[in-house]
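Below is one structure, written out as structure tokens; comments come after it.
The values are calculated or read from the model by the stated rules, or taken from the named source; none is laboratory data. Just so we're clear, the structure is a prediction, and the values are computed from it rather than from any experiment. FYI the Cβ positions are ideal-geometry reconstructions off the backbone, even for glycines, and counts take in every protein chain you see.
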């Protein structure tokens, strides 16, 4: 019933957004500023993608006071669907820069697709603003000077979650997806736990399309059951599969094992309801940030669509605001002027202030330590704020200097 409600709302949201923001889509002239949104519009992360795109449009609307114009020129957004395929993402970005002659590109959803797209930005010498793909290597060893990211990276996820659950006597086994997002995330989590007193005793990686977690769960139990201390399975998972729910069904409580994980989109948070008191850290939950932009986003979203904004809506909005701010500061669509404007640029978002770190172009930003509570009147589990983890509290590693 809950999932059906979310699907109906998502359809209403998509229809209303397209109707309300159609003025920035369609045919472009030589005088327009062209933005390509290259993202996984269809495929396993479709829900994330829809939020990201709707958020991008809301960000452009907010930052231009509803005019969708910057420096006297109209913003035109061109959508391209990667279908979550790395080769397709690469070719579509080539098409956007080469054939469509876009001034800047945004996306994608998947870290694997993003890694395939990064060299294209360097080849065409055009800015790619990554949102919401997470892998550290995107603004690290695989990145280049044309890549900026408003989305959080694996290290920010990891450091925030380590601050939420890492303490002496905690023993952890991890489960993550077997691709760049999962492996980068767990590696960063291990590094972030150093010095906390907690230790990781086992790592599991499973394909993104895994549905049967029986063998995985048993290996996790075997790794923890004889350990002394507070035993935790930490999940770093995106999309479908519901590993927490399925491994919960294997009775981890018989070994005094509990769970921890990061936040997720609201439909996925429905599945968190059995885990009252579970702690972790999240990128965004609409009740947590206290600032004027988030107030506008929450009110506008409820007024137009009857639902609160979700995690990737906020991320998409941040990318839209960043684009407008960069164009204003550069006074031009010239790539070198944009890079100069964006390096070290601080801009306000629904999460508060973000700053593109000059060294690697990663946006420094707040994260939110939460504890799960349940309200019978709310469809999803509520990640109640324990503490805002501010950028200056997180020593996010610099892997590369451009």
Would you mention how many residues in the stretch 361-391 are in contact with a strand residue (DSSP E or B) (Cβ under 8 Å, 6 or more places away or on another chain) and not in a strand (DSSP E or B)? 7
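Would you tally the residues in the stretch 204-237 being under 18 Å from residue 135 (Cβ atoms) and either in contact with a strand residue (DSSP E or B) (Cβ under 7 Å, 6 or more places away or on another chain) or outside the structural domain of residue 183 (by TED's automatic domain parsing) (or both)?
Adding up the residues that qualify gives 7.
Do we find that residue 294 is in a helix (DSSP H, G or I) and touching a residue at least 12 places away in the same chain (Cβ under 8 Å) in this structure? Even if it seems obvious, please write down each step before you answer.
Values: in a helix (DSSP H, G or I): yes; touching a residue at least 12 places away in the same chain (Cβ under 8 Å): yes.
In short, yes.
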Can you tell which of 290, 295, 248 is surrounded by fewer than 21 Cβ atoms within 10 Å (Cβ to Cβ), touching a strand residue (DSSP E or B) at 6+ places or on another chain (Cβ under 9 Å) and closer than 23 Å to residue 351 by Cα? 290
Checked against (1) over 26 Å from residue 269 (Cβ atoms); (2) out of contact with any helix residue (DSSP H, G or I) (no Cβ under 9 Å at 6 or more places or on another chain); (3) not assigned by TED's automatic domain parsing to the domain that holds residue 109, residue 399 satisfies every condition except (2)
Give just the number: which of (1) closer than 27 Å to residue 165 by Cβ; (2) in a loop (DSSP other than H, G, I, E, B); (3) not assigned by TED's automatic domain parsing to the domain that holds residue 174 does residue 307 not satisfy? (1)
Residue 101: passes all of (1) part of a loop (DSSP other than H, G, I, E, B); (2) over 17 Å from residue 32 (Cα atoms); (3) touching a residue at least 24 places away in the same chain (Cβ under 8 Å) but (2)
Would you check if there is a residue in the stretch 226-237 being modelled with pLDDT under 95 and either touching a helix residue (DSSP H, G or I) at 6+ places or on another chain (Cβ under 8 Å) or surrounded by 17 or more Cβ atoms within 10 Å (Cβ to Cβ) (or both)? yes
When (1) under 17 Å from residue 246 (Cβ atoms); (2) crowded, with 19+ Cβ neighbours inside 10 Å; (3) out of contact with any strand residue (DSSP E or B) (no Cβ under 6 Å at 6 or more places or on another chain) are applied to residue 175, the one that fails is (3)
Quick check on the stretch 249-270: of everything there that is part of a helix (DSSP H, G or I) and more than 19 Å from the chain's Cα centre (by Cα), which residue is farthest from residue 151 (Cα to Cα)? 254
